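Q: Okay, handing you the structure first.
The values are calculated or read from the model by the stated rules, or taken from the named source; none is laboratory data. Remember, it's a predicted structure, so these values are computed and weren't measured experimentally. All Cβ positions, even for glycine, are placed from backbone atoms using ideal geometry, and neighbour counts span all protein chains on display.
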Amino acid sequence: MLSEEQLEELGDFEDFLEFLAFDPDQPRDERGRFASSGSREAASASGKAKRTGKGEHHDAAAAAHRKAEEFHAREADRRGALAAKARSKKDRERHLAAREKHLDAGSHHHEQAKVHEEHAGILRGSLDTLKIPHEGISPETKANAEKAIVKGGYAKFLKHAPISELAEHSGAEIDSFSGNLVQTANGLYWRGGEGLSILKSEDFETRFARSKGLLGKKKAARATEPGEHVWSISSLASSPEEMQQRTMVHELGHHVHLSSSSPLQKKLDNEIKKGFRERVHIDPSSITDKDPDGRVETVPGKWIPSRYSRKNYKEWFTECHAAYVYHPETLKARDPQAFDLIRRVRKHRGME
Ligand SMILES: [Zn+2]
C-alpha cells in the first residue's frame with residue numbers, strides 16, 4: 001500500500017527536471033524542451049495514476065518510468081564513453097558529471113516504476129504482490145482468489161493484515177479418527193496461523209451442480225437473493241468459478257472480523273455477538289425429551305442472509321459480509337442494522 005508520502009511523491013518531478021536543465025548536452029526536441037528522456041511523459045502518467053487511482057493507469061505510469069529509466073541508462077553509458085575519450089580534463093569532468101545525473105535520474109525512475117507496479121499489483125489482488133504464500137494451488141484457484149480479493153475490496157486490507165497461506169483441499173478426505181471418507185468444507189479459515197484453504201476448483205463443479213439441483217432429480221428452484229431460504233451466499237453463485245470466488249469472500253470475511261484485537265474491534269465484536277443473539281435463537285417449542293438441545297431458528301420477524309449464518313455469530317457476520325459484497329441492496333433493505341455494522345467493521349479495517 002502506498003503511504004501518503006509516496007502518493008505525494010508520485011508525479012513530482014520538478015527537482016530533477018531542473019537539474020537535467022543544467023546538462024547542456026541533454027538531447028532536446030525541436031521546441032528546445034528536454035522531452036526525449038521520457039521524464040515528462042512519466043511525470044504526467046504518474047499524475048494521472050495518482051488522480052484516478054486506477055490499476056491500468058498505474059500500469060501505464062510504470063511503463064513510462066521504465067522507458068525513462070532505459071533512456072537514462074543509455075545516456076549514462078554514452079556519457080561514460082565520451083568521458084573516456086575526452087581530450088581535456090574539463091570535457092571529461094563535464095561528461096562524468098552528466099553521467100552521474102543520468103544514473104540518479106535512472107534510479108529515481110526505477111523506484112517510481114516499482115511503486116506503480118506494486119500499486120497496480122495490489123489493485124489486481126495479486127497474491128504475489130500481496131506476498132500471500134500459495135504454493136501448489138491451481139492457476140484457476142489463484143485467478144478466482146484474486147478476483148475475490150478485488151470484488152470484496154480486500155486488497156489494501158490484506159497488505160496491512162496479511163494471511164499466512166492460501167491452500168487448496170479436495171472435496172473428500174479420510175477422517176483421521178474414524179477412517180471414514182468425509183466431505184470437506186468449501187473453505188476453511190484458521191486463526192492463530194491466519195491462513196485459509198479453499199476447495200479445489202474442479203470440486204466446485206460438483207458442488208455447484210449439486211447446489212443447483214443439477215445432479216439429482218430435484219429441479220432447482222433458482223433462488224437469486226439471500227435469505228434463510230438459501231444455504232449460503234456462495235450457493236447463490238451462477239457458475240462454479242463464482243462459487244469459488246464467493247467462498248473466498250466468505251473466508252476472508254472471517255479474517256476481517258477475527259484478525260484484529262484493537263479496543264474498537266472488541267467493541268464491534270460484542271455488537272456482532274449481540275446482533276446474532278437478536279436474530280437467531282433456540283426455538284423453545286422445539287425442545288423436547290427426544291431433542292433436549294432444541295432447534296436453532298431465526299427469531300420471528302428477523303431476517304438472516306442464509307441458513308448457514310445460524311451456525312454461530314462468526315458465520316452470521318461473514319455471511320452478512322458476503323451479502324454486503326454481492327447483494328448490498330438486499331442487505332441494506334432487509335437488515336439495515338447489519339448493513340451498517342458491516343460497513344463500520346470494514347471502515348475500521350481500512351476497507352472503506
Ligand atoms: Zn465460515
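Q: Find all pairs meeting these conditions: Cβ atoms under 9 angstrom apart; at least six residues apart or on different chains; first residue within segment 249-261 and at positive phi; second residue within 11 Å of the ligand (Cβ to nearest atom).
A: none
Q: Among the residues of segment 74-105, which ones are surrounded by 20 or more Cβ atoms within 10 Å (Cβ to Cβ) and of a type in the set (Gly, Ala, Ser)?
A: Within segment 74-105, Ala98, Ala105 meet the criteria.
Q: Name the residue that is farthest from the chain's Cα centre (by Cα), counting only residues in segment 158-189 that are within 16 Å of the ligand (Cβ to nearest atom) and not aliphatic (A, V, I, L, M). Reasoning before the result, please.
A: Step one: list which residues in segment 158-189 are within 16 Å of the ligand (Cβ to nearest atom), which gives 163, 166-167, 169, 183-189.
Still in the running and not aliphatic (A, V, I, L, M): 169, 183-184, 186-187, 189.
Details: His169: 21, Gln183: 29, Thr184: 25, Asn186: 20, Gly187: 17, Tyr189: 17 Å.
Here the answer is Gln183.
Q: Continuing with this model, one more query. Would you please list the contacts, defined by Cβ atoms under 8 Å and residues six or more apart or on different chains, that run from a residue in segment 78-92 that is modelled with pLDDT under 90 to a residue that is assigned to a loop (DSSP other than H, G, I, E, B)?
A: Arg79/Asp25
Q: Then there is this: Among the residues of segment 241-272, count how many are more than 16 Å from the ligand (Cβ to nearest atom), within 23 Å of Arg349 (Cβ to Cβ) and either over 24 Å from the mean Cα position of the chain (by Cα) or not hydroxyl-bearing (Ser, Thr, Tyr) (or both). Even if it seems obvious, please write down each step before you answer.
A: Here is the first cut: in segment 241-272, the ones more than 16 Å from the ligand (Cβ to nearest atom) are 241-242, 260-268, 270-271.
Narrowing further to those that are within 23 Å of Arg349 (Cβ to Cβ): 260-268, 270-271.
Pick out the ones that are also either over 24 Å from the mean Cα position of the chain (by Cα) or not hydroxyl-bearing (Ser, Thr, Tyr) (or both) and you get 263-268, 270-271.
Counting residues in segment 241-272 that are more than 16 Å from the ligand (Cβ to nearest atom), within 23 Å of Arg349 (Cβ to Cβ) and either over 24 Å from the mean Cα position of the chain (by Cα) or not hydroxyl-bearing (Ser, Thr, Tyr) (or both) gives 8.
Q: While we're on this one: Mind counting the residues in segment 310-337 that are more than 16 Å from the ligand (Cβ to nearest atom) and touching a residue at least 12 places away in the same chain (Cβ under 8 Å)?
A: 6
Q: Continuing with this model, one more query. Checking the conditions here, which among Ser238, Ser197 is away from the ligand (no atom under 15 Å from the Cβ), small (Gly, Ala, Ser) and under 21 Å from Glu146 (Cβ atoms)?
A: Numbers: Ser197 fails: away from the ligand (no atom under 15 Å from the Cβ).
Among Ser238, Ser197, only Ser238 is away from the ligand (no atom under 15 Å from the Cβ), small (Gly, Ala, Ser) and under 21 Å from Glu146 (Cβ atoms).
Q: Pick from Lys151, Lys200, Lys156: which is crowded, with 16+ Cβ neighbours inside 10 Å and over 22 Å from Glu241 (Cα atoms)? Spell out the reasoning first.
A: Working: Lys151 fails: over 22 Å from Glu241 (Cα atoms); Lys200 fails: over 22 Å from Glu241 (Cα atoms).
Result of the check over Lys151, Lys200, Lys156: Lys156.
Q: Name the residue that is surrounded by the most Cβ atoms within 10 Å (Cβ to Cβ), counting only residues in segment 159-177 that are of a type in the set (A, V, I, L, M, F, W, C) and without any contact (Cβ under 8 Å) to a residue 40 or more places away in the chain.
A: Going residue by residue through segment 159-177, those that are of a type in the set (A, V, I, L, M, F, W, C) are 161, 163, 166-167, 172, 174, 177.
Those left that are additionally without any contact (Cβ under 8 Å) to a residue 40 or more places away in the chain: 166-167, 172, 174, 177.
On the way: Leu166: 24, Ala167: 15, Ala172: 12, Ile174: 10, Phe177: 7.
The extreme case among them is Leu166.
Q: Considering each residue of segment 287-307, count those that are surrounded by fewer than 20 Cβ atoms within 10 Å (Cβ to Cβ), within 16 Å of the ligand (Cβ to nearest atom) and outside any strand (DSSP E or B), and give that number.
A: Here the count works out to 1.
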